[in-house]
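Remarks on the structure that follows.
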Amino acid sequence: MLRAKVLLVGPCESGKSVLANFVSESTEGICSYSPTQGVRFETCWPALMKDSHGVIIIFNPELPSHLKEIEMWYSCFVQQQPLLDSQCLLVAHHKPGSAGDMENLSLAYPLNKLKLIHSNLEEDPEDVRMEFIKYFKSIITIINESREREEMSIIS
């Protein structure tokens with residue numbers, strides 16, 4: 001059985017737990033905010049990052065501080081591993097009742113070259129689920145290709 005380790009990271013109150021519960025089809029905490037402990041100590045991050053195959057950076061696009069903070073998350077969790085940009089997914093999570101602009105989100109380099117999806121679980125939950133499935137399939141493809149290259153290098 002193939003296992004993939006994908007990290008969900010981002011600023012506090014960005015929607016990480018809500019999206020994790022939604023994608024895993026757990027109903028806990030989807031409708032209300034309930035702070036999770038998470039790992040808020042940077043000294044633990046290298047252990048978390050070890051052997052990860054992908055990173056999903058979740059942020060609230062309505063909070064200007066989140067737009068700055070996601071640059072740090074990208075630097076720490078994607079560039080330092082190093083992961084390919086194709087192994088990273090940016091999720092602009094729109095909370096229930098928000099009137100956020102889903103079209104005109106301008107991100108600085110290098111974030112602007114990453115795959116970006118908008119998440120609104122009230123309006124388009126199935127679109128969100130499909131985007132996550134596409135992302136997870138791409139991670140599995142990367143893992144399989146890496147294994148094949150490794151096997152071929154052993155054979156030759």
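Among the conditions (1) farther than 30 Å from residue 146 by Cα; (2) at pLDDT 85 or above, residue 37 misses just one, which is (2). Condition (residue is in a loop (DSSP other than H, G, I, E, B), open to solvent by less than 60 Å² (accessible area, probe 1.4 Å), of a type in the set (S, T, N, Q) and modelled with pLDDT under 95) applied to the range 92-114: is it met by at least one residue? Yes, some residue in the range 92-114 is in a loop (DSSP other than H, G, I, E, B), open to solvent by less than 60 Å² (accessible area, probe 1.4 Å), of a type in the set (S, T, N, Q) and modelled with pLDDT under 95.
Please work out if residue 56 is open to solvent by less than 50 Å² (accessible area, probe 1.4 Å), part of a helix (DSSP H, G or I) and on the phi < 0 side of the Ramachandran plot. For residue 56, the condition - open to solvent by less than 50 Å² (accessible area, probe 1.4 Å), part of a helix (DSSP H, G or I) and on the phi < 0 side of the Ramachandran plot - is not met. Here residue 75 fits the description: modelled with pLDDT under 95, outside any loop (DSSP other than H, G, I, E, B) and open to solvent by less than 50 Å² (accessible area, probe 1.4 Å).
Within the group 83, 89, 121, which residue is touching a residue at least 40 places away in the same chain (Cβ under 8 Å), assigned to a loop (DSSP other than H, G, I, E, B) and either open to solvent by less than 40 Å² (accessible area, probe 1.4 Å) or at positive phi (or both)?
Numbers: 83 fails: touching a residue at least 40 places away in the same chain (Cβ under 8 Å); 89 fails: assigned to a loop (DSSP other than H, G, I, E, B).
None of the others qualify; the one that does is 121.
For a quick check of your reading of the model, give me the residue pairs whose first member lies in the range 126-143 and is within 16 Å of residue 91 (Cβ to Cβ), whose second is open to solvent by less than 40 Å² (accessible area, probe 1.4 Å) and in a helix (DSSP H, G or I), with beta-carbon atoms closer than 7 Å and at least 6 apart or on different chains. Matching pairs, first to second residue: 139/87. Of the residues making up the range 14-34, those that are at pLDDT 80 or above and surrounded by 14 or more Cβ atoms within 10 Å (Cβ to Cβ) are 14, 15, 16, 17, 18, 19, 20, 21, 22, 23. Looking across the range 7-23, the residues that are in contact (Cβ under 8 Å) with a residue 60 or more places away in the chain, in a loop (DSSP other than H, G, I, E, B) and on the phi < 0 side of the Ramachandran plot come down to 11, 14.
The values are calculated or read from the model by the stated rules, or taken from the named source; none is laboratory data. Computed from a prediction, not measured in an experiment: that's the story for all the values here. All Cβ positions, even for glycine, are placed from backbone atoms using ideal geometry, and neighbour counts span all protein chains on display. When the accessible area is computed, the model is the full protein with side chains, heavy atoms only, and any ligands, DNA or RNA have been set aside. Shrake-Rupley method; radii C 1.70, N 1.55, O 1.52, S 1.80 Å.
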